[in-house]
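Contents: one structure, followed by commentary.
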Amino acid sequence: MIEVTQLTKVFDTTRAVDAVSFTVSREEIFGLLGPNGAGKTTTIRMLTGILKPTEGHARIGGYDIQEHPLEAKQLMGIVPEMANAYVDLSPWRNLLLMGELYGIPRKEREKKAGSLIDLFALSEKMHHRVRTLSKGMHQRVTVAMALMNTAQVLLLDEPTSGLDVESARLIRDIIRTSREEGTAVLLTTHNLQEADELCSRIAIMNHGKIMAVERPENLKRAIKCSTSVEVAFAQEVGEHEVWFESVNRVERKGDRLRLYTEAPELVIPLVVDYSRSTQNLILSLSTIGPDLEDVFLQVTGGGQ
Amino acid sequence: MKVIGQLERSLAVAKKDLLVYFLKGPTLIFGLLLPSFLFIAFAIGRDLSVEFLMPGLLGMTVFFTTSAVGPVIAPWETRMRTFERLVSSPIAFWGIILGDVIASSAFGLFITVIVLTLGALVEGVGIITGYLVVATVLSSFCFSSLGLMLSSHPTSDPSRIMMLSTLIKFPLFLISGVFIPLSEMTSARFISMLSPLTYYVDLARLSIEGTGYLNPGLNVVALALWGSAFFAIAVLLHEKNLDKRF
Ligand SMILES: Nc1ncnc2c1ncn2[C@@H]1O[C@H](COP(=O)(O)OP(=O)(O)OP(=O)(O)O)[C@@H](O)[C@H]1O
Ligand SMILES: [Mg+2]
């Protein structure tokens, strides 16, 4: 449903997106994962037709977005990055507007808007101006707007950013349901867990390039390898002294030591025992989650 | 893609514009007060007949009300981050601009109709001729398109566009025959021809005073040509600058 070939975007001097190619088929959730400035949003914006690619092509359902923009856009549902609903209109009016822009007949759009209001638990505020809604509610409205059109392709740029756990889960459930109904979903995220949970394939993007396309299992392994326990002792300790069992590698970060491990729950008691037996106080102790950069290194083979 | 479907989508954009930008207390009050202020400033201390004042007043009203709010739509949507979604939906770019033009025209026409009604109460309904109706509708399209054209600069700061549009609109206003009828001008007449407002005021004089200077058909054609040119340029410039808005 989505075919991207050698897509490139150059802004003045930066190659924001550099010869990116991938395809997403029906009933697939494809993730674009990468740090800030990787080029995820720029890629999505070329797919939605608002930025002209410097080179390369993008096709949506067989329609080239530059040559047949209206046909291609008709197939899409979009959550732009940091998008807003019209703050002076109510959620209800915002949804109807989307319905009109996609040419959905009146009866149908009112029905659809009604069901989305229910689905996103917005009925209490449906006639209040969006300006008066909380940030999370506002975000739910913008995701609901993307779903007004019965899309064959969903393009979601960080759809769950800024949402509480429950709203994020709701949106993930909705994304999964859309996939089951045959939609091709392209989503960007910084959230490793989210990518892992939703996507069938994940493209790791950095500096405008796709470094690797992975299945979540491989990513999981990378995530595990890059979890660490960070500890600071009152007195200086050599790296080799805390190289406990199940620690893969030790790194010094300033006055702290970082113990990379797949099992932080096993390492923590060992650190505490060590502190007791050597009478060396622990000043701070924390578990550090997987860091995107680390995961990239792992996945792209730069690590170990 | 069918044109009718696109026009319906333009109407959806126009409806959104009216709800979001036009039908607000301050905007409406401004729109209604503007002609009154202009009228007072124009008429005060001068012994002029209502017939003479009316065409100029109508011209000012159409000109300033239709081009007042339209220019802020694009920068405002850029700033509020609503533009991206509008452009990514399946509406042709001309359809979006047309929607904005329709909303601006509707707002200007609404105010002009009020002024015209008041004028008709004073002067008798005889002043409303077919030419005046055609001219008013065409002019709203023309001046709204002018406003939209001026907002194509890809900024997210509405005040910059307001400044720019004032810089362009005032000269066009001053050289038009609002203050002095074309028949009384000498060489200035040719400069006056450069302003689309001139053609509207001339038609209004024909309707209200009974005599215009130019051929009424020519006036209508001139308004239509200026309007189409402004609209086409507005669409082209907005499309060209789109990349720079994101
Ligand atoms: N309109 C623009 N003009 C110039 N440079 C831009 C523009 N938009 C993006 N860039 C640059 O392109 C690069 C990629 O940006 P992009 O927004 O695509 O990153 P991203 O992966 O979405 O990042 P984030 O995770 O922060 O959203 C960045 O270096 C950015 O500075
Ligand atoms: Mg982004």
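Quick notes
- Here the range B:115-138 is the region considered, the condition is being surrounded by fewer than 15 Cβ atoms within 10 Å (Cβ to Cβ) and among the β-branched types (Val, Ile, Thr), and the residue that is modelled with the highest pLDDT is B:Val133.
- Some residue of the range B:63-83 being within 8 Å of another protein chain (Cβ to nearest Cβ), under 30 Å from A:Leu154 (Cβ atoms) and assigned to a helix (DSSP H, G or I): yes
- A count restricted to the range A:22-46 and to residues that are of a type in the set (D, E, K, R) and either over 17 Å from the mean Cα position of the chain (by Cα) or surrounded by fewer than 24 Cβ atoms within 10 Å (Cβ to Cβ) (or both) stands at 3.
- Test for B:Val13: is it at pLDDT 90 or above, in a helix (DSSP H, G or I), open to solvent by less than 40 Å² (accessible area, probe 1.4 Å) and over 25 Å from A:Ser90 (Cα atoms): no
- Flag for B:Ile44 being more than 14 Å from chain A (Cβ to nearest Cβ) and over 21 Å from the mean Cα position of the chain (by Cα): yes
- Some residue of the range B:202-221 being out of contact with any Leu (no Cβ under 7 Å at 6 or more places or on another chain) and either on the phi > 0 side of the Ramachandran plot or within 14 Å of chain A (Cβ to nearest Cβ) (or both): yes
- Residue ranges of strands (runs of 3 or more DSSP E) in the range A:138-209 with at least 1 members away from ligand 1 (no atom under 16 Å from the Cβ) and at pLDDT below 90: none
- Selection count, the range B:16-31, where residues are away from chain A (no Cβ under 14 Å) and surrounded by fewer than 17 Cβ atoms within 10 Å (Cβ to Cβ): 3
- Near pairs, Cβ below 7 angstrom, 6+ apart or cross-chain, from the range B:14-43 (among the basic types (Lys, Arg)) to any residue that is part of a helix (DSSP H, G or I) and buried (at least 19 other Cβ atoms within 10 Å of the Cβ): B:Lys16/A:Leu97
- Residues being at positive phi and away from ligand 2 (no atom under 16 Å from the Cβ) are entirely absent from the range A:184-201.
- Within the range B:32-56, the set of residues being among the aliphatic types (A, V, I, L, M) and surrounded by 24 or more Cβ atoms within 10 Å (Cβ to Cβ) comprises just one member, B:Met54.
- Complete set of residues in the range A:164-183 that are closer than 15 Å to A:Val79 by Cβ and either within 16 Å of ligand 2 (Cβ to nearest atom) or free of Cβ contacts under 8 Å to residues at least 40 places away in the same chain (or both): A:Ser167, A:Ala168, A:Ile171, A:Arg172, A:Ser178
- Checking each residue in the range A:47-62 for being within 15 Å of ligand 1 (Cβ to nearest atom) and open to solvent by 40 Å² or more (accessible area, probe 1.4 Å) picks out A:Lys52, A:Thr54.
- Among all positions in the range A:61-77, there is no residue which is among the β-branched types (Val, Ile, Thr) and in contact (Cβ under 8 Å) with a residue 24 or more places away in the chain.
- Residue in the range A:48-55 that is assigned to a strand (DSSP E or B) and either within 11 Å of another protein chain (Cβ to nearest Cβ) or more than 16 Å from ligand 2 (Cβ to nearest atom) (or both) present: yes
- Selection of the range A:2-31 for residues being more than 16 Å from ligand 2 (Cβ to nearest atom) and either within 14 Å of chain B (Cβ to nearest Cβ) or among the polar types (S, T, N, Q) (or both) yields A:Thr5, A:Gln6, A:Thr8, A:Val10, A:Asp12, A:Thr13, A:Ser21, A:Thr23, A:Ser25.
- Selected residue [among the small types (Gly, Ala, Ser) and either open to solvent by 40 Å² or more (accessible area, probe 1.4 Å) or closer than 22 Å to B:Ile97 by Cα (or both)] from B:Ser176, B:Ser165: B:Ser165
- Every residue from the range A:161-180 that is within 20 Å of A:Lys125 (Cβ to Cβ) and open to solvent by less than 60 Å² (accessible area, probe 1.4 Å): A:Gly162, A:Leu163, A:Ser167, A:Ala168, A:Leu170, A:Ile171, A:Ile174
- Of the residues A:Pro69, A:Pro80, the single one that is within 11 Å of chain B (Cβ to nearest Cβ) and more than 16 Å from ligand 1 (Cβ to nearest atom) is A:Pro69.
- For the range A:126-140, the criterion of a residue being of a type outside the set (Gly, Ala, Ser), within 9 Å of chain B (Cβ to nearest Cβ) and surrounded by 17 or more Cβ atoms within 10 Å (Cβ to Cβ) is satisfied by no position.
- Selection of first residues in the range A:267-283 that are closer than 15 Å to A:Asp255 by Cβ and of second residues that are of a type in the set (S, T, N, Q), restricted to Cβ pairs under 9 Å at least 6 apart or on distinct chains, gives the following pairs, ordered by first then second residue: A:Asn280/A:Gln235; A:Leu281/A:Gln235; A:Leu281/A:Ser275; A:Ile282/A:Ser275.
Condition check ((1) farther than 30 Å from B:Ala41 by Cβ; (2) open to solvent by 20 Å² or more (accessible area, probe 1.4 Å)) across all residues:
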site: B:Ser195; (1), (2): no, no
site: B:Leu206; (1), (2): no, yes
site: B:Val220; (1), (2): no, yes
site: B:Ala232; (1), (2): yes, yes
site: B:Leu236; (1), (2): yes, yes
site: B:Glu239; (1), (2): yes, yes
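- The single condition among (1) within 12 Å of chain A (Cβ to nearest Cβ); (2) surrounded by 14 or more Cβ atoms within 10 Å (Cβ to Cβ); (3) of a type outside the set (Lys, Arg) that B:Ile4 does not satisfy is (2).
- Condition check for A:Asn84: within 16 Å of ligand 2 (Cβ to nearest atom) and more than 23 Å from B:Val87 (Cβ to Cβ): no
- Residues of the range A:9-46 classified as within 12 Å of ligand 1 (Cβ to nearest atom) and not in a loop (DSSP other than H, G, I, E, B), total: 18
The values are calculated or read from the model by the stated rules, or taken from the named source; none is laboratory data. Quick caveat: nothing in here was measured; it's all calculated off a predicted structure. No Cβ is skipped: glycine too gets one built from the backbone with ideal geometry, and neighbour counts run over all protein chains shown. Heads up: the accessible areas ignore ligands, DNA and RNA and are worked out on the full protein's heavy atoms, side chains in. Shrake-Rupley method; radii C 1.70, N 1.55, O 1.52, S 1.80 Å.
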